[in-house]
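Below is one structure, written out as structure tokens; the observations come after it.
The numbers here are math on the coordinates, done by the rules we state, and not lab data. Source: prediction; values computed, not measured. Here the Cβ is made from the backbone with ideal geometry for all residues, glycine too, and neighbour counts use every protein chain on show.
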Amino acid sequence: MSSKADVEHRGGGLLQRVLCMQGGDDDVSYAKNSEAPASAISLCKPLLSAAIQSMKIFQRKQVDVIRIADLGCATGYNTLATVDMIVDNLRQKYLNYEDGQLQQLGVYHEPEFEAFFSDLPSNDFNSLFRMFSYSNTRPYYAAGVPGSFYRRLFPKRKLHVAVSLSALHWLSQIPDAVLDRRSAAWNKGRAWIDGAKKEVVEAYAKQSEEDLEDFLRCRKEEIVEGGMLFMLMGGRPGSQGPENQLGDADSRAKHPFTISMDQAWQDLIDEGLIDEEMRDGFNIPAYMRSREEVERAISRCGGFEIQRMEYTRIMEYSEEKQKEWLRDPASYGRAKANLVRATLRPIAEAYLGPYLSDQLFNRFQIRGLFPKATTYHKQNRINSHEKTISLILFPA
């Protein structure tokens, strides 16, 4: 179990040492529990492909190497499939030119491609790069870049395409005020901020604002003229204030960070496994931004123009998965518990230790397994919607 001194410092560097998606490839790994991000990425691929075709990457100069970065890559199929798609689109853009057009542009040979997979040092890069052994024909050179995307990761004017997919809702730290027991922003009785009191929500909103502006300033330095930044992040409707992170009661009931999570923590207290102070010191470092908040950060940062921005509601799971849960409602609880383990297990284990973190997720599975799964089964409403904001930025 973490010491209370660790709890007080979890807002800064300690969080960055433990925050990551669960590595490996077993049933509770992120690689096996990332269907919702995969759905979001799949829906935004036409937007990304169209943006690549409108890039002015071959204008008036030879480009020997095109460099791509996935920022917050995690591990699993999603990041590799996205980079493959980007490279394919860039190669096709080159091949669509006639030889005479290329010579007029000063381009005389096909460029090579280099892809950077970047995430916090705690990320399971080993599992990610083992996936390269499944194919010997990847059309790019690859490298890992450990570090926070809220800081500079590359030299100036290094990247042609930078993407961040389902990662920017994770904050750089838990706000200091939220970790201060003497503060009005002490988040008593909750693991997250949806429905929290005003002071907690304001602290998270301020941290989110600072983080997004830091992210944009860094990318402004790193992306070349004619390059592109694509961002896909968890979002919320503009009509909802930041205290209403999920937008509607149905999403709140099904989201893994809310009701079942708080109930699981309360179970540990009721059973005498932890005290309330230990529960209150754990906070999930995530924030769903509105379009207005994103636009405000871009305006303050400067240096980018928005080519397109979309707010989308997506189905989290496939029709096949929904049918499976309707046949076997108990499997719904297991699936939600595995999703929570895949996203929160590293930070929960660092905070509680292995035994108590396992007890927490076991209680979460029980809470999700019986009352909610059977209710959804009867109402045929197992699935839920995830809200995302996707946008294309070009250097101004």
By how many nm would the segment from Tyr94 to Asp180 grow when fully extended, if each residue of separation counts as 0.36 nm and the alpha-carbon distance is taken off?
25.5 nm
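Note the direction-averaged projected area, equal to a quarter of the hull surface, for the Cα convex hull of the range 117-268, in nm².
Working: hull surface 49.5 nm².
Mean orientational projected area (the range 117-268, Cα hull): 12.4 nm².
List the equivalent ellipsoid semi-axes of the range 41-144 in whole Å, largest first, each obtained as the square root of 5λ for an eigenvalue λ of the Cα gyration tensor. Don't skip to the answer; put the middle values down first.
On the way: eigenvalues 157, 43, 28 Å².
Working through the eigenvalues yields semi-axes of 28, 15, 12 Å.
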Given a cut-off of 30 Å, name the pairs among Lys56/Lys206; Lys45/Lys220; Lys93/Lys220 whose C-alpha atoms lie farther apart than that in the structure shown.
Lys56/Lys206
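Rounded to two decimals, what is Rg over Rh for the range 105-179 when you use alpha-carbon atoms and the Kirkwood radius?
Taking Rg over the Kirkwood Rh, I get 1.07.
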At 1.002 mPa s and 20 °C, plugging the Kirkwood radius over alpha-carbon pairs of the range 209-338 into Stokes-Einstein gives what diffusion coefficient in µm²/s?
118
Förster radius 56 Å - calculated FRET efficiency between Glu112 and Glu199, Cβ distance, rounded to 0.05
0.60
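Roughly how big is the range 63-200's charge dipole about its Cα centre, with Cβ charges of +1 (Lys, Arg) and -1 (Asp, Glu), in debye to the nearest 20? It would help to have the intermediate numbers written out before the result.
Values: 16 positive and 15 negative charges, 178 e Å.
For this selection, approximately 860 debye.
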